[in-house]
Amino acid sequence: MSVPKRVLVVGGVNFDVIAQADRFPSEHEKLRGRECSVLPGGAASNTAVGLVRQGCSVRLVSAVGDDMAGAMCLEVLDASGVDTSLVQVQAGARTSMAVVLSSGSGKRMLTFAGADRGLAFDAVTEEDVRTADHVHVIGEPTPALGRVVELAHLAGRSVSIEWNGRDMGPLAHGASLNFMNADEAARLPRTYGASDVIGTARRTAELVSGDVIVTLGAEGAMWATAAGQLFHEPTVPVEPLDRTGGGDAFDAGVIAGWLNGEPPTASMRRGLDAARHVITRIGAHP
């Protein structure tokens, strides 16, 4: 029996309010929604749970407030098998929140800052990193997050980065895996940009000396290696109920496959299957 891969996930935990409607309301329109749910979320939280489902041993670095929302997030994460010993509960702070308006095929999101994740990132030790096989980071390219990435490199641990619509280039050099979706790739600065998604993925992989994986919606996903290879994996289109957390589930599947030595196509297949499971349910922790 193989030993589970140990992953340190560094990023945010949110308390999500997900409101569903058949369409987005117009200006000043009062639209009757279909369903409203409140549940834990946040990209790092979602990815951590997804990695546990993929058979990994996961430790999460983040921060929540000392409020009911934070307590609920920790309770769900603990019940999901995520080690939350490095999640700080900060006195006097509120837990970060996200309000998501979901129409199934689309979503709009408002986020509200809460507990200071940077303090939790600063508290990560060299030993914390060395006890992991891999480090996955999500968030703004701050010095605190960059410090964790540097610790991982110094310890000889592989790193993956979720770009999430940001220019993560300052942290990404040498990261083994870099995740983004097609819309995010199209919005990258001209330094990375090309006339199409394939060109952008290849150019970014060249610049950061790491592989770039891009989700393509109903067309599946593509993987551009630092060595110039390109792989594509199709998917079976589904009618999404709620897209929240789909990208995080994809990341988890790909990371788990890659850590277990699977080739790019098989790793992307894992990720696409995990994403399909999540987007046909409400929230990322069904």
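Considering only residues that are under 25 Å from the mean Cα position of the chain (by Cα) and in a loop (DSSP other than H, G, I, E, B), which ones fall in the range 1-23?
Once the filter is applied, which keeps residues that are under 25 Å from the mean Cα position of the chain (by Cα) and in a loop (DSSP other than H, G, I, E, B), the range 1-23 yields Val3, Pro4, Lys5, Gly11, Gly12, Val13, Ala21.
Quick one: which of Gly199, Gly245, Gly169, Gly210 is small (Gly, Ala, Ser), closer than 30 Å to Glu126 by Cα and either modelled with pLDDT of 95 or more or surrounded by fewer than 15 Cβ atoms within 10 Å (Cβ to Cβ) (or both)?
Gly210
Just wondering, is there one or more residues in the range 68-91 that are touching a Gly at 6+ places or on another chain (Cβ under 7 Å) and under 25 Å from Gly246 (Cβ atoms)?
no
Inspect all residues belonging to the range 107-122 and state whether any of them is more than 17 Å from Pro40 (Cα to Cα) and modelled with pLDDT under 95.
Yes, the range 107-122 has at least one match.
How many of the residues making up the range 178-189 are in contact (Cβ under 8 Å) with a residue 24 or more places away in the chain and either among the small types (Gly, Ala, Ser) or buried (at least 23 other Cβ atoms within 10 Å of the Cβ) (or both)?
Residues flagged as in contact (Cβ under 8 Å) with a residue 24 or more places away in the chain and either among the small types (Gly, Ala, Ser) or buried (at least 23 other Cβ atoms within 10 Å of the Cβ) (or both) within the range 178-189 amount to 5.
Would it be correct to say that Gly55 is in contact (Cβ under 8 Å) with a residue 40 or more places away in the chain, more than 20 Å from Ala144 (Cα to Cα) and outside any loop (DSSP other than H, G, I, E, B)?
Considered against the rule, which asks whether it is in contact (Cβ under 8 Å) with a residue 40 or more places away in the chain, more than 20 Å from Ala144 (Cα to Cα) and outside any loop (DSSP other than H, G, I, E, B), Gly55 comes out as no.
If I ask for residues that are surrounded by fewer than 16 Cβ atoms within 10 Å (Cβ to Cβ) and of a type in the set (S, T, N, Q), which ones from the range 12-36 would you list?
Correct list: Ser26 only.
Here are some residues: Val100, Val129. Which one is out of contact with any helix residue (DSSP H, G or I) (no Cβ under 8 Å at 6 or more places or on another chain) and crowded, with 20+ Cβ neighbours inside 10 Å?
The conditions single out Val100.
In this structure, does Asp78 turn out to be surrounded by fewer than 15 Cβ atoms within 10 Å (Cβ to Cβ), of a type in the set (D, E, K, R) and over 30 Å from Ala21 (Cβ atoms)?
yes
When you scan the range 76-86, do you find a residue that is out of contact with any Lys or Arg (no Cβ under 6 Å at 6 or more places or on another chain), hydroxyl-bearing (Ser, Thr, Tyr), closer than 27 Å to Trp163 by Cα and touching a residue at least 60 places away in the same chain (Cβ under 8 Å), even just one?
So far as the range 76-86 goes, yes, one or more of its residues are out of contact with any Lys or Arg (no Cβ under 6 Å at 6 or more places or on another chain), hydroxyl-bearing (Ser, Thr, Tyr), closer than 27 Å to Trp163 by Cα and touching a residue at least 60 places away in the same chain (Cβ under 8 Å).
Residues checked against (1) surrounded by fewer than 21 Cβ atoms within 10 Å (Cβ to Cβ); (2) more than 29 Å from Glu35 (Cα to Cα); (3) touching a Pro at 6+ places or on another chain (Cβ under 8 Å); (4) at pLDDT below 95:
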{"site": "His232", "(1), (2), (3), (4)": "yes, yes, no, no"}
{"site": "Glu239", "(1), (2), (3), (4)": "yes, no, no, yes"}
{"site": "Ile255", "(1), (2), (3), (4)": "no, yes, no, no"}
{"site": "Gly261", "(1), (2), (3), (4)": "yes, yes, no, no"}
{"site": "Val278", "(1), (2), (3), (4)": "no, no, yes, yes"}
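Which numbered condition in (1) surrounded by fewer than 20 Cβ atoms within 10 Å (Cβ to Cβ); (2) not in a helix (DSSP H, G or I) is the only one that Gly146 fails?
In the conditions (1) surrounded by fewer than 20 Cβ atoms within 10 Å (Cβ to Cβ); (2) not in a helix (DSSP H, G or I), Gly146 misses (2) alone.
The values are calculated or read from the model by the stated rules, or taken from the named source; none is laboratory data. Just so it is clear, the model here is predicted, and its values are computed rather than measured. Quick reminder, even Gly has a Cβ in these numbers, built from the backbone with ideal geometry, and neighbours come from all protein chains shown.
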